[in-house]
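Asker: Would you mind keeping the following structure in view while I ask a few things?
The values are calculated or read from the model by the stated rules, or taken from the named source; none is laboratory data. Because the structure is predicted, anything quoted here is derived from the model rather than measured. Reconstructed Cβ throughout: ideal geometry from the backbone, glycine too, with neighbour counts over all protein chains shown. Only protein heavy atoms, including side chains, enter the accessible area calculation; ligands, DNA and RNA are left aside. Shrake-Rupley method; radii C 1.70, N 1.55, O 1.52, S 1.80 Å.
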Amino acid sequence: MNTPAQLTEVWPLVAYFLLVIALMGVILLLSYVIGERHQARVADEPFESGVVTVGFARLRLSAKFYLIAMFFVIFDVEAVFLFAWAVAFRELGWAGYIEVVIFVGVLGAALAYLWMLGALDWSSSGHRSNGKRGIERCDGH
């Protein structure tokens, strides 16, 4: 059984929920009643930031685009971990410092490996100058 004390704690949440549902209904009804109706052919075309689309939407991007995106994600996650460590570094002490040094060392070693492999060589040739294979371009050269 619910006691009156429990019900008095819940009623503001119920009132807020009902108010949100009512407000959503009013906004949807007003947009339906007041909103403009377009019958033109142009109204159904895709539109992005005031620029009419041109060309084919299934554009093939170079592998370099995805490499840059992956590097961004990797180093962005690293920055989040380092920020969390920096916030709590006094509580973590030397053990936390050693763990962060190992973490940054592993990421640095991975970056050095990618650099030596040629993954960071984004020149148009796609190959390193010493003859070793680098990351191939999207067109197979």
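Asker: Enumerate the pairs (first residue in the stretch 93-122 and at positive phi; second residue anywhere and of a type in the set (A, V, I, L, M)) with beta-carbon separation below 7 Å, excluding pairs fewer than 6 apart on the same chain, so at least 6 apart or on different chains.
Answerer: Partner pairs satisfying both residue conditions: G118/I135.
Asker: Then there's this: If the requirement is being at pLDDT 80 or above, open to solvent by 70 Å² or more (accessible area, probe 1.4 Å) and in contact with a helix residue (DSSP H, G or I) (Cβ under 9 Å, 6 or more places away or on another chain), which of these qualifies: L92, L107? Show your work before the answer.
Answerer: Values: L107 fails: open to solvent by 70 Å² or more (accessible area, probe 1.4 Å).
None of the other options fit; the residue is L92.
Asker: Among what's in the stretch 95-104 and is of a type in the set (A, V, I, L, M, F, W, C) and open to solvent by 90 Å² or more (accessible area, probe 1.4 Å), pick the residue that is nearest to the chain's Cα centre (by Cα). Talk me through it step by step, then tell me what you get.
Answerer: As a first pass, look at the stretch 95-104 and keep what is of a type in the set (A, V, I, L, M, F, W, C): 95, 98, 100-104.
Now narrow it down to the ones that are open to solvent by 90 Å² or more (accessible area, probe 1.4 Å): 98, 102.
Working: I98: 30, I102: 26 Å.
If we take residues in the stretch 95-104 being of a type in the set (A, V, I, L, M, F, W, C) and open to solvent by 90 Å² or more (accessible area, probe 1.4 Å), then I102 is nearest to the chain's Cα centre (by Cα).
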